[in-house]
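Asker: Structure incoming, see below.
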Amino acid sequence: MLNPLWLQTFATAAASSSFTEAGRQLGLTQSTVSDHIRRLEESLGRRLFVRDTHSLALTADGESLLVHARLILQAHARAEAQFSAPRLRGRVRFGTSDDLAMGPLPDMLAAFRSQHPEVELEITIGLTSELYASLDQGKLDLLVGKRRAGESRGHSMFSTPMQWLTRPDTLVDLTEPLPLILLPEPSITRAATLQALGKSGHHWRIVCTSGSHAGCMAAARGGLGLAALPQHLASRDLVVPLNHAALPRLPDVEYVALTARRLSRPADTLYQILMASRLSRG
């Protein structure tokens, strides 16, 4: 019913002053344009244009069809682009912090894998400071992680607050040193947490150190103490304490994408997908 060729002719004619002008833009004769419109009208059983020797205007049905035609033609163009483009091949060495790996990042990687199944993804999950070092040593093509204090390089993706998180219904005893669950040095969130505590004058003690956000979250759920984590890691079983307003305010953390100086086509394609994704919009 909705032949894309006829729809393209229809959309072009709708934006033109005449069928002759539409034919000129499409490289068709005026009679061919008229034939496409006639066949489309017959297929739909609706009149799409009101035309005379001096003017060309859409009917109400024509205006309605134009909305659908544009969407159909856009989808048609995207499908053609995907299946006509040469397949990507190669390898991408991608690094990310585990807090992002537990959030929206897997959806982005799945989208890349679906579009480019012949590209090998080599994923490294670790502390952001370790990922920076790997990138500088030429071991990674691309990373997404937190921006280090004093760093200016990297393409900003989003910022999120840090929060004190612990098991539900926890009331922190403020008369005692705060029991902290932290990542090891040189963690960006660890440094930000201790700096905030130093400015506030609160006393603290480190009760647990874990090499991953997942480990910190497990310790907090187990009631070992307070974990200072990015807000997107909060859940039904990992929440702010009942008296969180009395605790020191924690800073925001900024997430950035960093790339090697020269990117392969597969690595650049993954980078473009990440920067256009909801991850980049926070």
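Asker: For a quick check: with amide H placed at 1.01 Å from N, whose amide H comes under 5 Å from VAL172's, ignoring anything fewer than 5 positions away on the same chain?
Answerer: Close amide H contacts, sequence-distant or interchain: LEU242, ASN243.
Asker: Further question on the same structure: Give me log10 I(q)/I(0) at q = 0.16, 0.20, 0.22, 0.25 Å⁻¹ for segment 2-80, Debye formula, one equal scatterer per alpha-carbon, no solvent.
Answerer: -0.53, -0.84, -1.01, -1.29
Asker: Can you list the residues, at least 5 places off or on another chain, whose amide H is less than 5 Å from the amide H of GLN163, using H built in the peptide plane?
Answerer: LEU229, GLN231
Asker: Work out from phi, with θ = phi - 60° and the Karplus expression 6.51 cos²θ - 1.76 cosθ + 1.60, the ³J(HN,Hα) of each residue of segment 90-99, listed in order in whole Hz, and give x for Gly and Pro.
Answerer: Couplings: x, 9, 10, 9, 10, x, 8, 7, 6, 5 Hz.
Asker: Take every DSSP beta bridge with both residues inside the chain and express the antiparallel ones as a percent of the total, to the nearest 5. All intermediate terms of the calculation are to be shown ahead of the outcome.
Answerer: On the way: 20 of 37 bridges.
So the antiparallel bridges in the chain amount to around 55 percent.
Asker: More than 33 Å apart: what percent of Cα pairs in the chain qualify? Write out the running numbers ahead of the final one.
Answerer: Working: 19172 of 39621 pairs.
Result for the distance tail: 48 percent.
Asker: Report the label-to-label distance for GLU118 and THR32 in nanometres (one decimal), using points 7 Å from each Cα along the Cα→Cβ vector.
Answerer: 3.4
Asker: Still on this structure, I have one more. Might you report the magnitude of the Cβ-based charge dipole of the chain about its Cα centre, with Lys and Arg at +1 and Asp and Glu at -1, to the nearest 20 debye? Provide the component values of the computation, followed by the final result.
Answerer: Values: 30 positive and 26 negative charges, 78 e Å.
The dipole magnitude comes to about 380 debye.
Asker: Further, regarding this structure: If I ignore ligands, DNA and RNA and count only protein heavy atoms, how much of VAL172 is accessible to a 1.4 Å probe, in Å² to the nearest 10?
Answerer: About 20 Å², rounded to the nearest 10.
Asker: Give the distance, in whole Å, between the Cα centre of segment 200-217 and the Cα centre of segment 155-180.
Answerer: Cα centroid to Cα centroid, the span is 10 Å.
Asker: I'd like the accessible area for VAL239, computed on protein heavy atoms only with a 1.4 Å probe and all protein chains in place. Round to 10 Å², please.
Answerer: Accessible area, nearest 10 Å²: 40 Å².
Asker: Given the whole protein assembly as supplied and a 1.4 Å probe, what does the accessible area of TRP204 come to in Å², nearest 10?
Answerer: Surface accessible to solvent at TRP204 totals approximately 100 Å².
Asker: Shape of segment 159-251 from its Cα gyration tensor (a ≥ b ≥ c, root eigenvalues): rounded if a/c is under 1.5, otherwise prolate when a/b > b/c, or oblate? Display every interim value, and only then the final one.
Answerer: Working: a/c = 1.24, a/b = 1.02, b/c = 1.22.
Rounded shape, in that the Cα axes give a/c under 1.5.
Asker: What residue among SER114, MET102, GLY62 has its Cα farthest toward the positive end of the dipole of the chain, where the charges are +1 on Lys, Arg and -1 on Asp, Glu, each on the Cβ?
Answerer: Farthest along the dipole direction, towards plus: SER114.
The values are calculated or read from the model by the stated rules, or taken from the named source; none is laboratory data. Note that the coordinates shown come from a computational prediction; the quantities given were computed from them, not determined experimentally. Here the Cβ is made from the backbone with ideal geometry for all residues, glycine too, and neighbour counts use every protein chain on show. Ligands, DNA and RNA are stripped out before the accessible areas are found, and what is left, the full protein with its side chains, is counted by its heavy atoms. Shrake-Rupley method; radii C 1.70, N 1.55, O 1.52, S 1.80 Å.
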